[in-house]
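Encoded as structure tokens, the structure appears first; notes follow it.
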Amino acid sequence: MSFQPAEWRRHFPLLANHPELHYLDNAATGQLCEKAFDAVTLHELTQRANVLRGTYRLAELADAAYENARRQAATYLNAASPDEVVFVSGTTAAINLVAHAFGEGLKTGDEVVLSLAEHHSNLVPWQMLRERRGVALRFLPLAPDGRLDLSRLDAPISPRCKLVAVTHASNVTGAVTDLAPIVAAARAVGARVLVDGAQAVQHGPVDVQALDVDFYAFSGHKAFGPTGVGVLWGRSEALQALPPFLGGGGMIGRVTPEGSSWAMPPRRFEAGTPPIAQAIGLGAALDWLRAQPWPAMQAHTAGLAQRLIAELAVLAGPTFIGPRDLKQRLPIVAFNLADIHPHDVCQVLDAHHVAVRGGHHCAQPLMDRFGVAGAVRASFAPYNSEADVDALLEGLKDALRKLT
Ligand code: PLP
């Protein structure tokens, strides 16, 4: 199937409303695709009712749409069953769920292994668990180019390790984690593996069975779906082994004044009214994304990132963070321009209608490792084009003229 970025762009209503905009902050939030927008609108106009409670026809329509979204998410992830898909509010909520539910079973002396490339969402919940349960945190180090250094996995992943929680791809360097050796090392000591997929899912369908991990978390808003919804996928057996995190309606088997029993997953982890419309929108987005020509789209975004990296090398002063080999990275490009503060660069770029992010990107340990307080980050989606790179480079030249 051939791929035309301009055609793809038409599926994103916001971009049509802002023809002047060069939106390059896709690692923070992708734009909402019209399929998601249409599904949410249809739901709100024709199916809106609470789910899993009502016996009237409208409620049954809502139930069917919500469970269909679960199937669509399961298909995108190649999950063994829709029951492995828990709708949560996003990646952060998914990781906190595991940190509480899985963390509940840990004790002093147990270890959780992370990496120095983690977004704070996959670090702070584990630090909070350390406070609650006395577990120790160990960190996979970084290679000079920002990829995880996997050369000595048996040191951090020891028999005391109960869980390895790592990112599928860095939101700063774009480096893709080679999960196979990590999974093998974790399995060798009987540890579970959680993958933060927040940056990976919007670059093509994921196969959780092939990855052979236990938990996979992602956010809808980064995958061209609505905000306020995300997925915790868990292998059936891994989810069934967990106690609930939040208590409330919908997650119980039977409640008496003395105590409660729990529903089976995924309901056990969906206390209260879930983000119904958002989940339906996300399901529609994933269903549409699944059928897209990914190899061509990946080649397109990699080409844009490659050109930007090459042109950055020509501009005076930029320091580029991350692996140069595009095969090992997603189209996320972080850099500093001379000694100009990233926020100042972003402001000049905004005057050129270029939207990029500047700052520590919620990855301060990674920034510390590179000896910088922050960076400018341009992140590409398939609707981006050469014109977006042109505008970004023009803006950077302007920033150099004005601020150095
Ligand atoms: N993990 C990574 C790698 C991210 O890039 C992000 C968001 O930028 C998150 C987790 C947190 O996602 P959310 O804020 O949607 O929960």
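Give the relative contact order (percent, whole number) for the range 1-74; include only Cα pairs under 8 Å separated by 6+ residues. Taking the mean separation of contacting Cα pairs over the length of the range 1-74, I get 19 percent.
The calculated 222 nm mean residue ellipticity attributable to helices in the chain amounts to -11500 deg cm²/dmol, summing -39500 (n - 2.57) over DSSP H runs of n ≥ 4 and dividing by all residues.
Entry note, the range 37-290: relative contact order of 26 percent, from Cα contacts under 8 Å with a spacing of 6+ residues. Each of S81, S379 was scored by other Cβ atoms within 10 Å of its Cβ. Arranged with the fewest first, they read S81, S379.
Which whole-angstrom value gives the distance between the alpha carbon centres of the range 333-399 and the range 33-95? If you average the Cα positions of each part, the centres end up 35 Å apart.
The residue among V333, P323, G272 whose Cα reaches farthest toward the positive pole of the charge dipole of the chain, with charges on the beta-carbon of Lys, Arg, Asp and Glu, is G272.
Where both bridge residues fall in the range 37-290, DSSP classifies roughly 45% of the beta bridges as antiparallel. Span-like helix criteria (full DSSP H runs; alpha carbon extent of at least 27 Å along the helix axis; mean Kyte-Doolittle hydropathy of at least -1.0) are satisfied in the chain by 57-76, 294-314.
Its Cα centre serving as origin, the chain has a Cβ charge dipole (Lys and Arg +1, Asp and Glu -1) of approximately 680 debye.
Values in this text are rule-based calculations from the coordinates and carry no lab data. What you are looking at is a predicted structure, and each value in this text was computed from that prediction instead of being measured. Positions of Cβ are generated from backbone atoms using ideal geometry, with glycine treated the same way; all protein chains shown enter the neighbour counts.
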